[in-house]
Amino acid sequence: MENSMPRKNNIFFFEDFSAKELNENKVGRKGLSLFNLKEMDVPVPEFFVVGSHVFTEFCTVALENRKLKLLDKGRNPENEEVLKALLDEDFSKEVQEDILSAYTRLSGFSDAWVSVRSSVVFPANDNISFSGIFSTELNVRKYEDLKSAIKKVYGSLFTDDVVAYANKLDIDLAEVKLAVVVQKMVQAEISGVVFTVDPITQDDTKLGIEAVYGLGDVISTGEVTPDSYLLGKRDLSILEKHIAPQEWMKVRTMNVAHSRRGNEEKIKISAGWSHKQKLNDKDIQEISKIALIIENKSRMPQNIEWVISGGRAWVLQNKSLLSDVMQYRVKVAEMEMPRKSLRDLVVAFLDKYKTQEMLANQAVNDAQRMVMKQNTGLGGKIESLMNAAKVKKEEIHNAQQLSKEDLLVSGIGASFGVVIGKISVVDQPNGKLYTKNDILLIKKYSTEMESMIIPCGGVIMDFGGITSDTAILCREFKIPAIVGATNASVLLKDGDTVQIDGNTGSVYKDVAKEEVHPVVETYGDGIDFMKTQEEEVKVEEVALKVAKDTTLPPSATRVFSMTNLEPNKLIDHVGNAHGLVYVDLDEIMLEDGRHLLAYVEDRKFLDYAAKISEKVIKYVELAEGNEVVVSIGSATIGEFKKLTRGKEFE
C-alpha cells in the first residue's frame, strides 16, 4: 500500500478557514486582513488566496530553468525578461487543479470577473507598507487568464523600481514573499477610500473619506481628484466637505459574452451630476460606521478600500495605517548588504529558495527587531517631534518671504515639507536620473515611476487626492507633495524654478532665501565673532559660563551641553557646531511651569507640543542637518511635583 503525503493547502478559500488558523506567512497581510474582516461580519466580496509557498516554489523553478539566459555574462536582466520567464513557466499539476477548483467554486454558473492582487509577506517589519508597489490585475475572467494574472503579480516583485524602493528602505527583497488574493469584482457605482485618522495630520479624533464615481483605481493612480469628507469620530459629525468636479468615470463593461478580459471604458458624466456630492450624507455615515468597527476590532488605525454597488457598501480590502516608515539599518558584521540590482535579487532569490534553506541570520533578525522596537517607542516620538519642529521652522521662514503675488498654483497638500527646485514634466516613465533639485510634475502616476519619485525633491499632480499611491509614497519617503493642483501642467513649464509647500498645497515663484545664521560663515572662517562685534558696536558685556577658544583648529565635531543658556546667547557663543547639539527635554518641560499631563487632560496638548517644538527648533537650527542629541530623564519626581498640578500626576 502506497504511503501518500498529505496534500498542501495551496489555496485558502474564504469559507474553509478562520483567521485563527492562518498567519501572514501563509496568506500575506492582505489575505489575512480579509479573513479577519469576514469574521467581523463586514460585507466583503467572496475571495480565495493562493498561498505564499506557491510563489516561492513556482518562481524558483521558473528562474532556475532560465538562469543562464537571464544572468548571462554578468548582465542585469530587463524587467520584461524576468516576467517572460515566469509567464512561459506553468504551475505544477497540483497547483493548477487547486486554482481551477477554487475559481470554479467562486464563479458558480458562469466564469466570474475577479481582481488579482498581491498580499505581501514581510514579517521582519510591519511598518513598511509596500503600498502601490506591486501590480494589481483587474477585470480578469477565464481560468487561463487568471493563471497569467497571478504570474504577472509575481513578476511585479522582480523589477528595477521595486529594487530601488527596497534599496531606499534597506530591505532585503529575498525576504519578501507574495501570496495572491483572487476576489470577485462588484460593479462599482461609487468607490473610495477611508482613513480612520486624518491622513495628513494623523489626528486620531478625525476620519477621512475620499470618493469618486465608477472604479476606484483612479484614486490610487491620481487620474481623478476625489471628493473628500472629514468627520469627527466621536459623533460622526461632518466637519469638512470638498466637492471635486468629475468630468468622466471609469467603468467595467461586460457586454461581450465571450470576452476573456474585461473592458474598462471612460464614460462622460453629465453636467448635472459632475458637480454633485458623490456620497450622500447617509452613505457617508454608513461607511464611517463600518470603518470604525474595523478599526475598533483591529485596534489599529485603518486604510480601507470600499465600493457602493446596488445601494450596498462593500469593503474590498483594509490595512493598518503605520505611524512612520522605519528606515532601519542594522550595521553588524553578520548582515548582508541589501540587493542593489535586479540581477542581485534573482541570484539571492535562487540562493535562498532553491534548496529550501532559510539563510536568514537569527542574530541579525533579533537586532532588527530591537532597533524597530526602539524606533516605535519614545525614540520614534522624539523623531516625530523633531520632524514637526523642522516643518514649523520652514513654515515660519517661508511665510515671511512669500506673498499672494508669488502664488502660481494651488492644490491639496499631500505630504509635508517645503522645497525649491526645477520643474520636470513627466508624461510617462523614463530612464532619467532625478535629484533633490528636481520637482516632478506628474500627469498620470504608474508604479514604474517609483524609482523616479524616490530621489526627487518634490512632486506636483494636476489631479489626485491624499490617499493616492503618489501621495502615500511621498509621505513614506518624506517628499513634499501637492495633488489636485488643477491646471498645474498648463501654468508650469519644464525648467521653471518654483517653491512648493506640501503643508498648504501651494506652488510659488522661487524666492531667494536669506541666511538664518550669518554667523556660521564667520565662525567657519575662524574669526573671533564676539571680539569683532565688540570692536564695531558698543554692546553690554555678557558673562559667559564657558569661553570659546578660537585658537583651536576647526574640528569635524564639537559637542556642547549648554541648555541653561538662552538660544540667542548660545548661537552667539558657539556659532554652528557642525556636530552634536544637546537638548535637555526635561529642563524645557520644567521651564514651562505646568505639568505635561495637565495639558493632556485639558485637551491642550497640541498647543503644548507647539510650544515645546518652538523651543527645541532654536537648538535644532544650530545643527544645520547634523545630529541632535535629546536628553530625557534628567529631572526628578520632586521637580515635576513642584509644577502646576504636578502633585496630581506624580
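The values are calculated or read from the model by the stated rules, or taken from the named source; none is laboratory data. Here the structure is a predicted model, which means the values were calculated and not measured. Cβ: placed from backbone, ideal geometry, glycine included. Neighbour counts: every protein chain shown.
Can you confirm whether segment 94-112 contains a residue that is closer than 30 Å to T253 by Cα, touching a residue at least 40 places away in the same chain (Cβ under 8 Å), of a type in the set (F, W, Y) and touching a strand residue (DSSP E or B) at 6+ places or on another chain (Cβ under 6 Å)?
First, pick out the residues of segment 94-112 that are closer than 30 Å to T253 by Cα: 96-112.
Now restrict to residues that are touching a residue at least 40 places away in the same chain (Cβ under 8 Å): 96, 98-103, 105-106, 112.
Checking which are of a type in the set (F, W, Y) leaves us with 103.
Right, trim to touching a strand residue (DSSP E or B) at 6+ places or on another chain (Cβ under 6 Å) and you get none.
Within segment 94-112, none of the residues are closer than 30 Å to T253 by Cα, touching a residue at least 40 places away in the same chain (Cβ under 8 Å), of a type in the set (F, W, Y) and touching a strand residue (DSSP E or B) at 6+ places or on another chain (Cβ under 6 Å).
Checking V163 against (1) among the aliphatic types (A, V, I, L, M); (2) crowded, with 24+ Cβ neighbours inside 10 Å; (3) at pLDDT 90 or above: exactly one of these is not met. Which one?
With respect to (1) among the aliphatic types (A, V, I, L, M); (2) crowded, with 24+ Cβ neighbours inside 10 Å; (3) at pLDDT 90 or above, V163 is out only on (3).
Kindly check whether there is at least one residue in segment 453-460 that is at pLDDT 90 or above and either part of a loop (DSSP other than H, G, I, E, B) or in the same structural domain as L207 (by TED's automatic domain parsing) (or both).
Scanning segment 453-460 turns up at least one residue that is at pLDDT 90 or above and either part of a loop (DSSP other than H, G, I, E, B) or in the same structural domain as L207 (by TED's automatic domain parsing) (or both).
Take K282 and tell me if it is over 22 Å from C474 (Cβ atoms), modelled with pLDDT of 90 or more and assigned to a helix (DSSP H, G or I).
Working: over 22 Å from C474 (Cβ atoms): yes; modelled with pLDDT of 90 or more: yes; assigned to a helix (DSSP H, G or I): yes.
Judged against the criteria, K282 is a match.
Run D427 past the list (1) touching a residue at least 24 places away in the same chain (Cβ under 8 Å); (2) surrounded by fewer than 23 Cβ atoms within 10 Å (Cβ to Cβ) and report the number of the one that doesn't hold.
(1)
Limited to segment 441-452, what total is found for residues that are more than 18 Å from T136 (Cβ to Cβ) and crowded, with 24+ Cβ neighbours inside 10 Å? Don't jump to the end; show me each part of the working.
As a first pass, look at segment 441-452 and keep what is more than 18 Å from T136 (Cβ to Cβ): 441-443, 451-452.
Next cut, crowded, with 24+ Cβ neighbours inside 10 Å only: 441-442.
The number of residues fulfilling the criteria is 2.
Residues being more than 19 Å from V600 (Cβ to Cβ) and modelled with pLDDT of 75 or more: count how many of those fall in segment 618-638.
Residues that pass the stated criteria total 2.
Which members of segment 119-150 meet the condition of being closer than 20 Å to D88 by Cα and part of a strand (DSSP E or B)?
Selection gives E137, V140.
What residue, among those in segment 474-511 that are assigned to a helix (DSSP H, G or I) and in contact (Cβ under 8 Å) with a residue 60 or more places away in the chain, is surrounded by the fewest Cβ atoms within 10 Å (Cβ to Cβ)?
Step one: filter segment 474-511 for residues assigned to a helix (DSSP H, G or I), giving 474-476, 488-491.
Within this subset, residues satisfying the condition of being in contact (Cβ under 8 Å) with a residue 60 or more places away in the chain are 474-476, 488-489, 491.
Numbers: C474: 26, R475: 24, E476: 23, A488: 24, S489: 20, L491: 12.
Going through the qualifying residues, I end up with L491.
Does L231 satisfy the criteria of being of a type in the set (A, V, I, L, M, F, W, C) and either over 30 Å from Q428 (Cβ atoms) or not assigned by TED's automatic domain parsing to the domain that holds G272 (or both)?
Values: of a type in the set (A, V, I, L, M, F, W, C): yes; either over 30 Å from Q428 (Cβ atoms) or not assigned by TED's automatic domain parsing to the domain that holds G272 (or both): yes.
So L231 passes the test.
Taking segment 405-442, which residues are in a strand (DSSP E or B) and touching a Cys at 6+ places or on another chain (Cβ under 9 Å)? Walk me through it before giving the result.
Initial filter on segment 405-442 (in a strand (DSSP E or B)): 407-410, 412-415, 418-426, 438-442.
Result: A414, S415, G421, S424, D438, I439, L440.
For the list (1) part of a loop (DSSP other than H, G, I, E, B); (2) at pLDDT below 90; (3) over 18 Å from S410 (Cα atoms), I need the number of the one condition that E535 fails.
Condition not satisfied by E535: (1).
Go through the residues of segment 151-162 one by one and say whether even a single one is closer than 23 Å to K319 by Cα, part of a loop (DSSP other than H, G, I, E, B) and outside the structural domain of P429 (by TED's automatic domain parsing). Don't jump to the end; show me each part of the working.
Pass one, segment 151-162, residues closer than 23 Å to K319 by Cα: 152-157, 161-162.
Then keep just the ones that are part of a loop (DSSP other than H, G, I, E, B); that gives 156-157.
Filter once more, keeping what is outside the structural domain of P429 (by TED's automatic domain parsing): 156-157.
Yes; the residues of segment 151-162 include at least one that is closer than 23 Å to K319 by Cα, part of a loop (DSSP other than H, G, I, E, B) and outside the structural domain of P429 (by TED's automatic domain parsing).
Just to verify a result, which residue in segment 191-227, among those that are over 17 Å from the mean Cα position of the chain (by Cα), over 22 Å from G310 (Cα atoms) and among the polar types (S, T, N, Q), is surrounded by the fewest Cβ atoms within 10 Å (Cβ to Cβ)?
Taking the candidates together, the pick is T205.
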